[in-house]
1. Can you name the number of the only condition in (1) crowded, with 16+ Cβ neighbours inside 10 Å; (2) assigned to a helix (DSSP H, G or I); (3) without any contact (Cβ under 8 Å) to a residue 40 or more places away in the chain that residue 60 fails?
2. Across region 69-84, what is the number of residues that are touching a residue at least 24 places away in the same chain (Cβ under 8 Å) and either surrounded by 17 or more Cβ atoms within 10 Å (Cβ to Cβ) or under 11 Å from the mean Cα position of the chain (by Cα) (or both)?
3. Any residue in region 105-116 that is part of a loop (DSSP other than H, G, I, E, B) and surrounded by 11 or more Cβ atoms within 10 Å (Cβ to Cβ)?
4. Quick test for you: out of 34, 76, pick the one residue that is touching a strand residue (DSSP E or B) at 6+ places or on another chain (Cβ under 9 Å) and either at pLDDT 90 or above or within 24 Å of residue 94 (Cβ to Cβ) (or both).
5. Kindly evaluate residue 66 against the criterion of being touching a residue at least 60 places away in the same chain (Cβ under 8 Å) and surrounded by 15 or more Cβ atoms within 10 Å (Cβ to Cβ).
6. Inside region 23-39, can you point out the residues that are crowded, with 16+ Cβ neighbours inside 10 Å and either in contact (Cβ under 8 Å) with a residue 60 or more places away in the chain or assigned to a helix (DSSP H, G or I) (or both)?
7. Within region 1-22, identify whether any single residue is touching a helix residue (DSSP H, G or I) at 6+ places or on another chain (Cβ under 8 Å), over 27 Å from residue 72 (Cβ atoms) and either part of a helix (DSSP H, G or I) or at pLDDT 95 or above (or both), and answer yes or no.
8. Restrict the check to region 40-50 and report whether at least one residue is assigned to a strand (DSSP E or B), free of Cβ contacts under 8 Å to residues at least 40 places away in the same chain and under 17 Å from the mean Cα position of the chain (by Cα).
């Protein structure tokens, strides 16, 4: 996440460095029926996710490598990101363990178990 950089500059810089840009929008290719996620994965590039809101500049649709519709009805930006990440990582992100994590949550039925380094 980056703050303070104009959006267009951040997107263009990401692409200049070899990354791909996925724009989540109601107007893009349907995430389930179009095969767009497989095409994103096949690029092998790092992905920048741009989440469209109420007044997305039309230029974003042309700058993005992929315009992806989570659904073709209005939905929250947070929900769109959650669905995209879940589909992109095929649900496996829910079981990932991070190397050198400073904090680790140990799942349990009751209470909290937090391990810190």
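The values are calculated or read from the model by the stated rules, or taken from the named source; none is laboratory data. Quick caveat: nothing in here was measured; it's all calculated off a predicted structure. Virtual Cβ from ideal backbone geometry, glycine too; neighbours counted across all protein chains shown.
1. Only one criterion in (1) crowded, with 16+ Cβ neighbours inside 10 Å; (2) assigned to a helix (DSSP H, G or I); (3) without any contact (Cβ under 8 Å) to a residue 40 or more places away in the chain is unmet by residue 60, namely (3).
2. Step one: list which residues in region 69-84 are touching a residue at least 24 places away in the same chain (Cβ under 8 Å), which gives 69-75, 77, 80-81, 83-84.
Then keep just the ones that are either surrounded by 17 or more Cβ atoms within 10 Å (Cβ to Cβ) or under 11 Å from the mean Cα position of the chain (by Cα) (or both); that gives 69-70, 77, 80-81, 83-84.
Number of matching residues: 7.
3. Our first condition is that a residue be part of a loop (DSSP other than H, G, I, E, B); within region 105-116, this holds for 106-113.
In the following step, the residues that additionally are surrounded by 11 or more Cβ atoms within 10 Å (Cβ to Cβ) were identified as none.
The answer is no, given that none of the residues of region 105-116 is part of a loop (DSSP other than H, G, I, E, B) and surrounded by 11 or more Cβ atoms within 10 Å (Cβ to Cβ).
4. Values: 76 fails: touching a strand residue (DSSP E or B) at 6+ places or on another chain (Cβ under 9 Å).
Unique residue meeting the criteria: 34.
5. Values: touching a residue at least 60 places away in the same chain (Cβ under 8 Å): no; surrounded by 15 or more Cβ atoms within 10 Å (Cβ to Cβ): yes.
No, not satisfied.
6. Of everything in region 23-39, those that are crowded, with 16+ Cβ neighbours inside 10 Å and either in contact (Cβ under 8 Å) with a residue 60 or more places away in the chain or assigned to a helix (DSSP H, G or I) (or both) turn out to be 24, 36, 37.
7. Yes - at least one qualifying residue is present in region 1-22.
8. Initially, region 40-50 is screened for residues assigned to a strand (DSSP E or B), giving 47-50.
Now drop any that are not free of Cβ contacts under 8 Å to residues at least 40 places away in the same chain, which leaves 48-49.
In the following step, the residues that additionally are under 17 Å from the mean Cα position of the chain (by Cα) were identified as 48-49.
Scanning region 40-50, I find at least one residue that is assigned to a strand (DSSP E or B), free of Cβ contacts under 8 Å to residues at least 40 places away in the same chain and under 17 Å from the mean Cα position of the chain (by Cα), so the answer is yes.
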